[in-house]
1. Taking θ as phi - 60°, what are the ³J(HN,Hα) couplings along segment 163-168 by the Karplus curve (6.51, -1.76, 1.60), each to the nearest whole Hz, with x for Gly and Pro?
2. Could you pull out every residue, at least 5 positions away or on a different chain, whose amide H is within less than 5 Å of the one on residue 36? Hs are placed 1.01 Å off N in the peptide plane, and Pro or chain starts have none.
3. Could you tally the net charge around residue 59, taking each other residue with its Cβ under 10 Å from the Cβ of residue 59, Lys/Arg +1 and Asp/Glu -1?
4. Relative to the present Cα-Cα distance, how much length would full extension add between residue 138 and residue 179 at 0.36 nm per residue of separation?
Amino acid sequence: MVCDHAGPHSGVSRYERRSARLRLTIVCDRCGAEQSELASIDYRPNAWRAPALLAELTARELGLDEPRIARVRFATLIGDVGRDQIPAAIIDKRGPLTADEFKEVRRQPELGAGLLADSSFDDVRVWILSRRERPDGQGYPRGLSGDQIPLEAKILAVVDAYVAITSDRPHRPARHHRFALRELIDNSGTQFDASVVTAFIRARRDERVTPGSVTTVTATRTLNGGPTAGRRTQTRSGTPLDAG
């Protein structure tokens, strides 16, 4: 019997080691056939900076169930694709950004969320859109605060900031792990949710992140019909806290 691909589908990421690329695709759960490709990006796993796995460990520390953890991992990867849609001239710029360039950078949450057009990914899309919001209401794009921000988005925010601080950027070298943790702690309760920062630090201390564990992520969705597809860092006191 030929599959009509009308049943449940999943969002899946697969790392192709030979080409060093991460493919984000939608597959049919019934027959396993790929229905669409959301993105294919250059990706070289780092044992201690793998964003999807750091998000998973933090979510698990906070007690999220396995289906939600899988969706948080997927949200981390899809959100990062939004950055790749920002012009390279802005991402790689060494000097200060102009007002127009910074406005373009602030579109990253919307660009990532826009990749998920199907209603079955409504929750993931909201998390991605809210990943630059702050507990004190000073974030963007909607200026949400406190409990208005989904817990999953707060996880993404902490992971994004940690990875940004500990990674090389065009305008500065990578900072040390301990420096990054201090920045998270110092901005806990204002830029970052305090409970998420605590969970991140516990997870980062207690768990080992290995490159092989970031090769596959699955988040399930149910479709009606067929599948659809749709860095610069902000600084505070000279320290990059808004992931690029």
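FYI, it's all coordinate maths here, none of it is from the lab. No experiment lies behind these values; they were computed from the predicted model shown. For neighbour counting, all protein chains shown are included, and Cβ atoms are generated from backbone atoms with ideal geometry for every residue, glycine included.
1. Here the 3J(HN,Hα) series is 5, 4, 5, 8, 10, 5 Hz.
2. For residue 36, the qualifying residues are 26.
3. Its environment carries a net charge of -1.
4. 12.4 nm
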